[in-house]
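Here is the structure we will look at, set down as structure tokens.
The values are calculated or read from the model by the stated rules, or taken from the named source; none is laboratory data. This is a predicted model, so every value here is computed, not measured. With ideal geometry, Cβ positions are generated from the backbone for all residues, glycine too; neighbour counts draw on all protein chains shown. Ligands, DNA and RNA are stripped out before the accessible areas are found, and what is left, the full protein with its side chains, is counted by its heavy atoms. Shrake-Rupley method; radii C 1.70, N 1.55, O 1.52, S 1.80 Å.
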Amino acid sequence: MGCEFWAVTNHFVLNIRWAICVRVQFRNLLPPRSRRSASHFAGRGMGVVARKGMPVYKIYRALSYVVSPLLQLHLRWRKIRGLEHPTRLPERLGRPSLTRPPGPLLWFHAVSLGEGMAAIRVIKECVKWRPDLNILLTTTTMSAFEVIINQLPTGVLHQFSPIDTPAAMDSFLDYWNPNAIMLLESELWPNLIMASSRKGILLALLNARVSMKSFKLWSSPVLFPLISLLLSKFSLIIPLSSMQAIHFQLLQAPPFIINFAGDLKYVVEYDASKEEFRSIDDLKVQLGHRKVWMASSIHRGEEEVMLGVHKVLKQVYPDLVTIIVPRYPQHGKDIAQKLQKEGQHVALRSQHQRIVPGRNIYVVDTLGELRHLYRLTPIAVIGGSFFPGLAGHNVSEAAAAGCAVLTGYHVGHFSHMLREMQRLNPLSVLQVTGKLELEEAILKFFSDGKVLEARQTASKQAFHALSSGIIANAWNVLYFHVLKQALLKETDNR
């Protein structure tokens, strides 16, 4: 553990030195008002910034208290629409549905499916090394719950996350009394963080990131002191990239709490039931030797691009099968319904419809299967990236499966993942501007087996190089900076 820890620490020091060198240049990316705010606070003590953040936090706390009744009505409305669990709504108000087991407890919080899967990878490592600890995972979205509940290690508890009101958060923390809290990505909820700090609960931010839009907002004169105050309460921040480390430094996160481990979304696991593996193998048989490509994680509007490409490819390869995996299941149902009205033969995953001769489009309207479905195709086009305003999706699962990976240019914070993969091998990810370039690329892959194989090999090699050791590094850093201290405090309090 010691050697790995010092390796991570050295990597951190090098990147922080680089971050300090580019700090002035990076500030030029900010709008003038945000730049003035950053200049105003630059070099000032953390205590000064924190004191300026307290009045803003008190306003936030008061407002969150006032709007609590409206938030409860909103939750009920979401329940009616099927966006909240039908029987577990009280959990969102901080009321538990499970009994807290005795002993130390670690709380991991993730909003949606991607963050939840990243949390599970760390949780499994925690269970491996410290099976004596109780672990609670909270998620927010129903889609995350439906998939994650079947992925949790035995004994790990799940609850829906409480809304960030004083009453809900205090009720939750008083009942569960966690020894440490691990938040995923950018979950900076003021009442959660401040209440945890008051209770002496250690905080960590894993796979930490902040979008450029949020960074500019958080750098504004009003919010900058509040964000600085919140970040000062953390014992550990593990950014998913060096650029993200710069973001957090400029937001006044204490440099000594920033440590690198790697992007948790590079870690891909293939745990599945025998039925799930059997289902994927059956699909392989149905596809036979037909030409196959997949468009995954597509957002509304992108299906027009993919179906346009499908139409061109089908003229060259009449037995082609296009697999479409929308980001949201309802979108998949809508696509299938529209195509059926147009007289096209479509197979829908949720209806267990088979890919028979004459069916050229397979629409997947289920959740949690994507990493397994990539095994069916040599070519994967990652959506959420073809229109302005979108922010891309994780390409590592497709790369891990050995697909030739393509994506658009609107990839948001996933740009760091693409840059890292392309740096290791330029053939690992191909970015295209739109329909015409996508058509040309896939036609080239289908017509030239060597080109396709080179792309597949490159993506898989880049993935393996980048994913190696991430979980071990994350566990070492987390244990040293947070868990060790939290458990010592538990022992002292006995």
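Across segment 257-348, how many lysine pairs, 8 or more positions apart or on different chains, have C-alpha atoms separated by under 28 Å? Please give the number.
Lysine pairs meeting the criterion: 23.
Kirkwood hydrodynamic radius, segment 78-145, all distinct C-alpha pairs: what's the number in Å?
Working: mean 1/r = 0.0751 Å⁻¹.
It works out to 13.3 Å.
Tell me, what ³J(HN,Hα) does each residue in segment 413-426 have, in order and in whole Hz, if you take phi through Karplus 6.51 cos²θ - 1.76 cosθ + 1.60 with θ = phi - 60° and put x for Gly and Pro?
Each residue of segment 413-426 in turn: 6, 6, 4, 5, 5, 5, 4, 5, 5, 5, 5, 6, 7, x Hz.
So how tilted is helix 274-287 from the main axis of the chain? Cα-based, degrees 0 to 90, rounded to 10.
In the chain, helix 274-287 runs at an angle near 30 degrees to the longest axis.
Mind pulling up the Rg/Rh value for segment 263-311? Radius of gyration and Kirkwood radius, both on Cα. If you can, show how the numbers build up before the last one.
Details: Rg = 15.0 Å, Rh = 13.9 Å.
Rg/Rh: 1.08.
Grab the eigenvalues of the alpha-carbon gyration tensor for the chain, scale each by 5, take roots, and send me the semi-axes largest first in whole angstrom.
For the chain, the ellipsoid semi-axes come out as 40, 26, 23 Å.
Taking 0.36 nm per residue of separation and subtracting the Cα-Cα distance, what length does fully extending Asp170 through Gln344 add?
57.2 nm
Non-local amide H neighbours of Leu202 (under 5 Å, H modeled in plane, Pro and chain starts lacking H): which ones?
Ile181
Given the DSSP H assignment, sum -39500 (n - 2.57) over each helix run of at least 4 residues in the chain and divide by its residue total; what's the result at 222 nm in deg cm²/dmol, nearest 500?
On the way: 22 runs with 250 residues, N = 494.
Value at 222 nm, helices only, nearest 500: -15500 deg cm²/dmol.
What does the convex hull of the Cα atoms of segment 356-494 come to per residue, in Å³, rounded to a whole number? Show your work: numbers first, answer last.
Numbers: hull volume 23.2 nm³, N = 139.
Each residue corresponds to 167 Å³ of Cα convex hull volume.
Taking 4 °C and 1.567 mPa s as the conditions, I'd like the Stokes-Einstein D for segment 112-213 in µm²/s, using the Kirkwood hydrodynamic radius from alpha carbon pairs.
Values: Rh = 14.4 Å.
For these conditions, the coefficient is 90 µm²/s.
Please arrange Trp176, Trp189, Trp77 by accessible surface area, largest first, computed with a 1.4 Å probe and ligands excluded.
Numbers: Trp176 0, Trp189 110, Trp77 140 Å².
The most accessible residue leads, giving Trp77, Trp189, Trp176.
Based on the inverse mean of 1/r over its pairs of different Cα atoms, what is the Kirkwood hydrodynamic radius of segment 329-429, in Å? Before the final figure, lay out the partial values.
Values: mean 1/r = 0.0664 Å⁻¹.
Result for segment 329-429, one decimal place: 15.1 Å.
Search the structure for amide H atoms under 5 Å from the amide H of Ile379, placed 1.01 Å from N in the peptide plane, and list their residues when 5 or more places away or on another chain.
Residues meeting the amide H criterion: Met294, Ala404.
Given the Cα atoms of segment 382-461, and with Rh set as the inverse mean 1/r over their pairs in the Kirkwood sense, what is Rg to Rh to two decimals? Can you show the working numbers first?
Details: Rg = 11.9 Å, Rh = 12.5 Å.
Ratio value, two decimals: 0.95.
Express the carbon and sulfur contribution to the solvent-accessible surface of the chain as a percent, rounded to the nearest whole number, probe 1.4 angstrom. Could you put the intermediate results ahead of the total?
Working: 12550 of 21670 Å².
For the chain, the apolar C and S fraction of the accessible surface comes to 58 percent.
Take peptides 94-103, 430-439, 166-175, 471-480 and line them up by average Cβ neighbours within 10 Å, highest first, as a rough protection proxy.
471-480, 166-175, 430-439, 94-103
Over the chain, what relative contact order in percent results from Cα pairs under 8 Å that are six or more residues apart? Please list the in-between numbers first.
On the way: 823 pairs, mean separation 71.5, N = 494.
Computed value for the chain: 14 percent relative contact order.
Along the principal axes of its C-alpha atoms, what lengths does segment 269-418 span, in descending order and rounded to whole Å?
41, 36, 29
Could you tell me how many degrees, from 0 to 90 and to the nearest 10, lie between the Cα long axis of helix 2-21 and the main elongation axis, the longest principal axis, of the Cα atoms of the chain?
Approximately 90 degrees, to the nearest ten.
Report the gain in length on full extension from Ile59 to Lys79: 0.36 nm times residue separation, minus Cα-Cα distance, nm rounded to one decimal. Please report the intermediate quantities before stating the final value.
Details: separation 20, 0.36 × 20 = 7.20 nm, distance 2.91 nm.
This chain segment gains 4.3 nm when fully extended.
Classify segment 421-490: rounded, prolate or oblate, from the alpha-carbon gyration tensor (a ≥ b ≥ c, eigenvalue square roots; a/c under 1.5 rounded; otherwise prolate if a/b is larger than b/c)?
prolate
To test your reading of the geometry: what angle, between 0 and 90 degrees and rounded to tens, separates the Cα axis of helix 46-66 from the longest principal axis of the chain?
The angle comes out at about 70 degrees.
Starting from the Cα-Cα distance between Arg290 and Ser220, subtract it from 0.36 nm times their residue separation and give me the gain in nm to one decimal. Intermediate values should be presented prior to the final figure.
Values: separation 70, 0.36 × 70 = 25.20 nm, distance 5.46 nm.
Answer, rounded to one decimal: 19.7 nm.
Counting just the Cα atoms, what span does segment 303-342 cover along each of its three principal axes? Round to the nearest Å and put the largest first.
Cα extents, longest axis first: 31, 21, 16 Å.
Before I look further, what does the chain give for accessible area per residue, probe 1.4 Å, in whole square angstrom?
Working: 21670 Å² over 494 residues.
Per-residue value: 44 Å².
For segment 197-300, take every pair of Cα atoms, bin their distances at 5 Å starting from 0, and report each bin as a whole percent.
The percentages, shortest bin first, are 2, 10, 14, 14, 13, 9, 7, 8, 8, 7, 5, 2, 0.
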